[in-house]
Amino acid sequence: MDEKEPEAVLLYGEFAAAAGGKVRFALSLTDTELAVQRITAASAGRTGTVHSLRDCVGCRAFRAEEDEDPGAYFSAYFYPFRRRWMSSAGGRQRLELCFRVAAARDSQGNLHEAERWARAIREGSARHGPRRRGVTYGEMRRLRGLMLLVNPHSGRGQALSLFSNHIQRMLTEAGLPHTLIVTERQNHARELVREADLTKWDALVIVSGDGLLFEVVNGLMERDDWEEAIQTPLGILPGGSGNALAASIHHYTGSPPGSSEELLVSCGFLLCKGLVSRLDLASVSLASGHRLFSFLSLAWGFVADVDIESEKYRYVGAARFTVGTLVRLASLRVYQGRLAYLPAEESPPLDGASPQGQATSFCSSVFCQLPKASPDQGAAHTFHNSCNSNNATKGCRSEDPLPASRGPSDSLLVPLEQPVPSHWTVVKEENFVLVLAMYQSHLAEDLLAAPGASLEDGVMHLFYIKAGISRAALLRLFLAMEKGAHLAAGCPNLVYVKVRALRLEPFTPKGVITVDGEVVEYGPVQAQVHDGLARLIAG
């Protein structure tokens with residue numbers, strides 16, 4: 001087998017370390033790597049390390065602080081993945097490499113050389129992001145800055161401090177100017193993006209749980225220019241207790257499971273790399289005639305009850321779902337209703353005559369390239385609208401649902417008062433423990449509900465559990481879901497099918513239906529997936 005040919009060296013130089021100028025290093029920059037070799041007097045010559053530009057978020061050049069020092073400096077910022085000792089888990093950890101340039105006698109000449117290296121490292125970093133096969137990418141523009149919306153009461157009320165401690169420095173290192181807006185009440189973010197001049201922003205970034213992104217998506221879809229507005233890249237920085245979309249994005253990169261700060265840094269790294277992919281949205285039609293848009297899930301029964309009832313345990317963070325699950329298992333409920341769906345393999349037209357699909361049991365089963373700003377642009381940070389109100393409270397209906405006339409047409413659906421098309425599957429059972437439609441992989445940080453999902457697969461992953469399952473079997477399923485192993489659990493009550501559209505008609509007079517974890521009006525509901533309607537910074 002032929003050995004891989006070494007890459008051509010684009011830049012080579014010898015510089016002193018910024019800390020303690022006596023130690024010198026030889027730097028070699030290729031298209032994909034920065035090799036750093038310590039220069040020694042030993043016969044072996046040099047020892048060193050290699051740093052992948054795929055892990056680099058930025059590089060800057062600057063003058064020496066002392067006026068009498070003619071030297072200049074450049075610092076490169078890497079976030080390589082490091083595994084924990086004796087563990088397959090780990091996370092990205094910050095690494096700064098700083099070197100002093102003093103080849104020229106005048107400070108301007110040294111600064112010019114430092115800027116040449118910084119620019120070349122930034123350009124290499126931009127060429128090598130965490131891309132995945134089968135995913136269409138564009139690039140986030142870096143001219144105007146980011147609008148960051150933070151819910152100060154997300155999770156255990158630590159979203160703002162998490163941003164300050166872990167993300168703010170990363171954005172500065174990546175040269176991403178940003179404006180931080182602290183939301184003041186429920187639906188504040190929805191109102192802001194509905195009225196905002198989006199031409200001022202490169203992306204809208206959520207520092208919270210999934211609820212705040214739900215507001216932003218629906219605020220964009222309520223605009224007169226919704227077709228253009230929903231193309232605005234969206235970013236997610238997990239600061240809540242669920243963080244399902246953030247966990248899904250992290251999962252799609254192929255990284256081992258992460259939580260809390262590790263997950264936050266992972267998403268911050270992807271934000272800094274700025275790769276934008278398509279994101280499926282589902283339109284959800286309610287009995288009142290209103291419609292809203294969903295990026296994550298639609299749930300009825302056990303899952304929805306746990307999500308809402310566990311709000312009282314918010315002070316324990318992500319563990320609130322575990323507590324809520326145990327409480328609800330103690331008094332397991334059965335929910336009556338009718339479920340129907342259009343299998344993903346069926347033809348889309350409403351008048352098609354394709355045969356009725358069958359449920360499958362688990363037991364058998366862009367963008368164009370946008371111009372970048374000068375990489376030397378600094379990162380600005382402004383702060384608005386701080387207050388102590390709580391916009392994280394659930395248990396009330398989502399306000400002002402979208403009129404049915406706004407957004408793309410639901411070509412796969414008929415009005416709720418009409419029977420479903422004949423080529424849909426109508427589930428025979430009418431007694432359920434839960435019904436759950438997922439469009440992403442994770443239901444929470446530690447719940448890998450749909451391992452086969454992706455951002456733009458164009459389907460909803462529909463699960464339902466038929467009545468008759470024991471409490472012990474249901475608990476085993478949720479424990480197995482932590483690693484996505486519930487798919488092979490062999491449970492006869494658990495059914496899974498990929499669908500393009502669905503309808504749910506509850507018969508039980510009282511209950512909870514949630515969309516992206518938010519309570520919506522109780523009653524008949526139907527949904528259709530819209531392929532790649534939105535854009536997400538995901539890497």
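Just one of 213, 220, 176, 198 is surrounded by 21 or more Cβ atoms within 10 Å (Cβ to Cβ), under 30 Å from residue 119 (Cα atoms) and of a type outside the set (Ser, Thr, Tyr); which is it? Show your work before the answer.
Working: 213 fails: under 30 Å from residue 119 (Cα atoms); 220 fails: under 30 Å from residue 119 (Cα atoms); 198 fails: surrounded by 21 or more Cβ atoms within 10 Å (Cβ to Cβ).
None of the others qualify; the one that does is 176.
Residues to consider are 292, 281, 275; find the one that is in contact with a Gly (Cβ under 8 Å, 6 or more places away or on another chain) and open to solvent by less than 10 Å² (accessible area, probe 1.4 Å). Talk me through it step by step, then tell me what you get.
On the way: 292 fails: in contact with a Gly (Cβ under 8 Å, 6 or more places away or on another chain); 281 fails: in contact with a Gly (Cβ under 8 Å, 6 or more places away or on another chain).
Matching residue, one of 292, 281, 275: 275.
I need the helices (runs of 4 or more DSSP H) fully contained in the stretch 211-315, keeping only those with at least 2 residues that are farther than 19 Å from residue 79 by Cβ and out of contact with any Ser or Thr (no Cβ under 8 Å at 6 or more places or on another chain). If you could, list the steps in order and put the result at the bottom.
Details: elements: 226-229, 244-252, 260-273, 302-309.
Once the helices (runs of 4 or more DSSP H) in the stretch 211-315 are filtered for at least 2 residues that are farther than 19 Å from residue 79 by Cβ and out of contact with any Ser or Thr (no Cβ under 8 Å at 6 or more places or on another chain), what remains is 226-229, 302-309.
Is one or more of the residues making up the stretch 506-522 modelled with pLDDT of 95 or more and open to solvent by 50 Å² or more (accessible area, probe 1.4 Å)?
There is at least one residue in the stretch 506-522 that is modelled with pLDDT of 95 or more and open to solvent by 50 Å² or more (accessible area, probe 1.4 Å).
Residue under question is residue 488, and the condition is that it be in the same structural domain as residue 454 (by TED's automatic domain parsing), closer than 20 Å to residue 335 by Cα and surrounded by fewer than 20 Cβ atoms within 10 Å (Cβ to Cβ); does it hold?
On the way: in the same structural domain as residue 454 (by TED's automatic domain parsing): yes; closer than 20 Å to residue 335 by Cα: no; surrounded by fewer than 20 Cβ atoms within 10 Å (Cβ to Cβ): yes.
Taking the combined requirement at face value, the residue does not satisfy it.
So residue 461 fits all but one of (1) closer than 30 Å to residue 288 by Cα; (2) within 23 Å of the chain's Cα centre (by Cα); (3) open to solvent by 10 Å² or more (accessible area, probe 1.4 Å); what number is the exception?
Going through (1) closer than 30 Å to residue 288 by Cα; (2) within 23 Å of the chain's Cα centre (by Cα); (3) open to solvent by 10 Å² or more (accessible area, probe 1.4 Å) one by one, residue 461 breaks only (3).
Out of the stretch 523-539, which residues are buried (at least 19 other Cβ atoms within 10 Å of the Cβ) and part of a loop (DSSP other than H, G, I, E, B)?
538, 539
Mind checking which residues of the stretch 167-190 are among the polar types (S, T, N, Q) and within 19 Å of the chain's Cα centre (by Cα)?
The first filter runs over the stretch 167-190 and keeps only residues among the polar types (S, T, N, Q), leaving 168, 172, 179, 183, 186-187.
Within the stretch 167-190, just 168 meets the criteria.
Can you name the residue in the stretch 61-116 that is polar (S, T, N, Q) and assigned to a helix (DSSP H, G or I) and is also surrounded by the most Cβ atoms within 10 Å (Cβ to Cβ) among such residues? Let's see the steps before the verdict.
Applying the first criterion (polar (S, T, N, Q)) to the stretch 61-116 yields 75, 87-88, 93, 107-108, 110.
Filter once more, so that each one left must be assigned to a helix (DSSP H, G or I): 107-108, 110.
Details: 107: 18, 108: 11, 110: 23.
Among those that are polar (S, T, N, Q) and assigned to a helix (DSSP H, G or I), it is 110.
So which pairs qualify, if the first residue must be in the stretch 410-437 and closer than 19 Å to residue 335 by Cβ and of a type in the set (Asp, Glu), the second must be part of a loop (DSSP other than H, G, I, E, B) and open to solvent by less than 70 Å² (accessible area, probe 1.4 Å), the Cβ gap must be under 8 Å, and the two must be at least 6 apart or on different chains?
429/467
Using beta carbons and a limit of 9 Å, which pairs, at least six apart or on different chains, have the first residue in the stretch 464-480 and closer than 17 Å to residue 447 by Cβ and the second one of a type in the set (D, E, K, R) and assigned to a loop (DSSP other than H, G, I, E, B)?
464/429
Have a look at 119, 190 and point out the one that is part of a helix (DSSP H, G or I), of a type outside the set (Phe, Trp, Tyr) and open to solvent by less than 20 Å² (accessible area, probe 1.4 Å). Please lay out each step first, then the result.
Numbers: 119 fails: open to solvent by less than 20 Å² (accessible area, probe 1.4 Å).
None of the other options fit; the residue is 190.
Could you please tell me which pairs satisfy a Cβ distance under 8 Å, a separation of 6+ or placement on different chains, a first residue in the stretch 130-159 that is assigned by TED's automatic domain parsing to the domain that holds residue 235, and a second residue that is at pLDDT 70 or above and of a type in the set (Phe, Trp, Tyr)?
144/201; 145/201; 146/201; 147/201; 148/163; 150/163
Could you identify the single residue in 468, 490 that is on the phi > 0 side of the Ramachandran plot, in contact with a Cys (Cβ under 9 Å, 6 or more places away or on another chain) and of a type outside the set (Asp, Glu)?
Values: 468 fails: in contact with a Cys (Cβ under 9 Å, 6 or more places away or on another chain).
One residue alone meets the criteria, 490.
The values are calculated or read from the model by the stated rules, or taken from the named source; none is laboratory data. These numbers come from a predicted model, not from an experiment. Using ideal geometry, Cβ is built from the backbone for each residue, glycine included, and neighbour counts are taken over all protein chains shown. In case anyone asks, the SASA skips ligands and DNA or RNA and just uses the protein heavy atoms, side chains included. Shrake-Rupley method; radii C 1.70, N 1.55, O 1.52, S 1.80 Å.
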